[in-house]
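The values are calculated or read from the model by the stated rules, or taken from the named source; none is laboratory data. Worth saying up front: this structure is predicted, and the values here are computed from it rather than measured. Note: ideal-geometry Cβ built from the backbone for every residue, glycine included; neighbour counts use all protein chains shown. Just the protein is used for accessible areas: all its heavy atoms, side chains included, with ligands, DNA and RNA removed. Shrake-Rupley method; radii C 1.70, N 1.55, O 1.52, S 1.80 Å.
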Amino acid sequence: MKLIFTVMLGLGTTLLAAAPKPNIVFMYVDNLGHGDLGCYGNREVKTPRIDRLAAEGVRCTDFYVVSSTCTVSRGALLTGRHPLRNGLVHQLRTVENWHGVGLPHREKIMPQYLQEAGYATACFGKWNIGFATGSRPTERGFDEFLGCRSGNINYFTHTYHGEYDIFRGTERHHVEGYSSDIFADSTCDYIRRHAKGEKPFFVYLPFNAPHYVSSINMKEGEKAEWQAPPTAFARYGWAADDANEKHRYLAVLTALDEAVGRVIDTLDATGLRENTLVMFISDMGPILRPTHGLGVASAGIYRDGAPSLYEGGVRVPAILRWPAKIKPGSVSSAMLSHLDLLPTFLDLAGQSMPKDRVLDGRPCLAALTGAAPSPHERLVFHLGGTAALREGALKIIRPNAKAAWELYDLANDPAEANNLAKERPADVERLATAFAQWQEDVKKDASEPVLFKLTPSKP
């Protein structure tokens, strides 16, 4: 669990033990907006545990995902590679979630790298990147898995399109309870079991909250609505059957907050607080459509939500705590990306960047602590025919493949209300050229995307 360095002193040799490799607990939440948490300015929601996590670590203001739909975001995150490189460029449909290859098998993901660095690995929560033979979590580097194959499951019955969707390992596993609690409690159990282990551990905890619940996952005649346990409603003094959509959404956030709190408490109680890197990050911005969050979820001051590439769709809440390295109560305005997490983990684990493939992220701990600026000159975003690029405070975005580039100055116009394309054509041309050059670079490394590739898999 420790890195050992040899120092030559004259004719003698001295062994110095470096600090243990940190444990990593990574909570990836689903469709949480930049304005949905107390620590990001929401005065209606009760999220005291997440707010405390921010007070104990660093809260990021300019943290991005490179694509604003669940499957594509997760594939990019786990590979550290832009979707156009890793081949997973679209949201998986029903049968693809159940039996599709999804993320191509040639791709190497976080737990595989970390296993090579001596880590124990586990995943508890939403998978959503393919569940064919060879695509399942325990076949891609996770020692343990308990969670759902798909996204958007019913929080209480755990169904997706009429099928029960919770699995342990590769087998269907029936369990009772609220999904946020199930995933958090499984994580707590894992932490307790590994608290005094010989290996450091990596836990990937992809909550399905606060994703909306679709009518396809409800029983006949049952209303599709935000789902939370009675205790979350009680925190506001509301009845569990409160029909107010805003109340129900806030209850989902509070239930998520309580689940996060239990994970943090378990780390602290087992003596792992100081040398565990904890992350709480959203996979994309809120979906702001009727029945999907419009009027209740919030992107804060930012424009639009997922799946657009305006700021509300790709600028996400990101909070990190590591008492041994990160100053409590700090705020980072460095331009960072979820693609940076894998290179950061490799760096912390004492591993080199791979030589057989391109990683698009960069180690970012120095930027998070204020010791260095952002490791990026630019960030590029892409989904279908939509594209965007940010360089410093300037951002170009093309809302669809046939649209002209728009230009925004995020320093003076973070809400992207004033399109400067006609006033500053030279900037548009320069940034559009940079985007075209990036596309050409990616094409050299990219392979054919997997659109609907199925292999037999046990149900």
With (1) in contact with a Gly (Cβ under 9 Å, 6 or more places away or on another chain); (2) among the hydroxyl-bearing types (Ser, Thr, Tyr); (3) open to solvent by less than 10 Å² (accessible area, probe 1.4 Å); (4) within 22 Å of HIS247 (Cα to Cα) as the list, and TYR212 as the residue in question, which single condition is left unmet? (3)
Of the residues in region 74-107, those that are buried (at least 21 other Cβ atoms within 10 Å of the Cβ) and under 15 Å from ASN152 (Cα atoms) come to ARG74, LEU92, GLU96, ASN97
For region 346-357, pairs from a residue that is part of a loop (DSSP other than H, G, I, E, B) to a residue that is open to solvent by 70 Å² or more (accessible area, probe 1.4 Å), with Cβ under 8 Å and 6 or more apart or across chains, are GLN351/GLU116
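Being in a loop (DSSP other than H, G, I, E, B), over 26 Å from ILE109 (Cα atoms) and touching a strand residue (DSSP E or B) at 6+ places or on another chain (Cβ under 8 Å) is the filter; apply it to region 159-192 and report the residue that is least open to solvent (accessible area, probe 1.4 Å).
To start, the set of residues in region 159-192 that are in a loop (DSSP other than H, G, I, E, B) comprises 161-162, 165, 169-170, 173-178.
In the following step, the residues that additionally are over 26 Å from ILE109 (Cα atoms) were identified as 161-162, 174-178.
Still in the list and also touching a strand residue (DSSP E or B) at 6+ places or on another chain (Cβ under 8 Å): 174-175.
On the way: HIS174: 133, VAL175: 40 Å².
Within region 159-192, the match that is least open to solvent (accessible area, probe 1.4 Å) is VAL175.
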Region 358-374: number of residues that are open to solvent by less than 50 Å² (accessible area, probe 1.4 Å) and outside any helix (DSSP H, G or I): 6
Selection from region 140-158 of residues crowded, with 21+ Cβ neighbours inside 10 Å and either among the β-branched types (Val, Ile, Thr) or not in a loop (DSSP other than H, G, I, E, B) (or both) yields PHE145, LEU146, GLY147, CYS148, ILE153
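Here's the yes/no breakdown for (1) among the aliphatic types (A, V, I, L, M); (2) under 20 Å from GLY41 (Cα atoms):
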{"site": "GLY300", "(1), (2)": "no, yes"}
{"site": "VAL314", "(1), (2)": "yes, yes"}
{"site": "TRP322", "(1), (2)": "no, no"}
{"site": "THR344", "(1), (2)": "no, no"}
{"site": "SER374", "(1), (2)": "no, no"}
{"site": "GLU377", "(1), (2)": "no, no"}
Can you confirm whether region 418-434 contains a residue that is at pLDDT below 95 and either surrounded by 12 or more Cβ atoms within 10 Å (Cβ to Cβ) or out of contact with any Cys (no Cβ under 9 Å at 6 or more places or on another chain) (or both)? no
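Conditions (1) among the charged types (D, E, K, R); (2) modelled with pLDDT under 95, marked per residue:
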position: ALA259; (1), (2): no, no
position: LEU267; (1), (2): no, no
position: ASP283; (1), (2): yes, no
position: HIS292; (1), (2): no, yes
position: GLY305; (1), (2): no, no
position: GLY312; (1), (2): no, no
position: PRO323; (1), (2): no, no
position: LYS327; (1), (2): yes, no
position: ALA334; (1), (2): no, no
Members of region 110-139 found to be open to solvent by 20 Å² or more (accessible area, probe 1.4 Å), more than 19 Å from the chain's Cα centre (by Cα) and closer than 14 Å to TYR204 by Cα, listed by number: GLN115, THR138
Only one of (1) under 28 Å from LYS21 (Cα atoms); (2) over 18 Å from the mean Cα position of the chain (by Cα); (3) of a type in the set (Asp, Glu) fails for ASP304. Which number is that? (1)
Restricting attention to region 375-401, the residues that are open to solvent by 30 Å² or more (accessible area, probe 1.4 Å), of a type in the set (A, V, I, L, M) and farther than 22 Å from GLN91 by Cβ number exactly 1
Of the residues that make up region 239-249, is at least one surrounded by 15 or more Cβ atoms within 10 Å (Cβ to Cβ) and in contact (Cβ under 8 Å) with a residue 60 or more places away in the chain? no
Name the single residue that is nearest to ALA19 (Cα to Cα) among those in region 251-278 being open to solvent by 10 Å² or more (accessible area, probe 1.4 Å) and part of a helix (DSSP H, G or I). ASP268
Looking at region 217-238, which of the residues that are at pLDDT below 95 and part of a loop (DSSP other than H, G, I, E, B) is least open to solvent (accessible area, probe 1.4 Å)? MET218
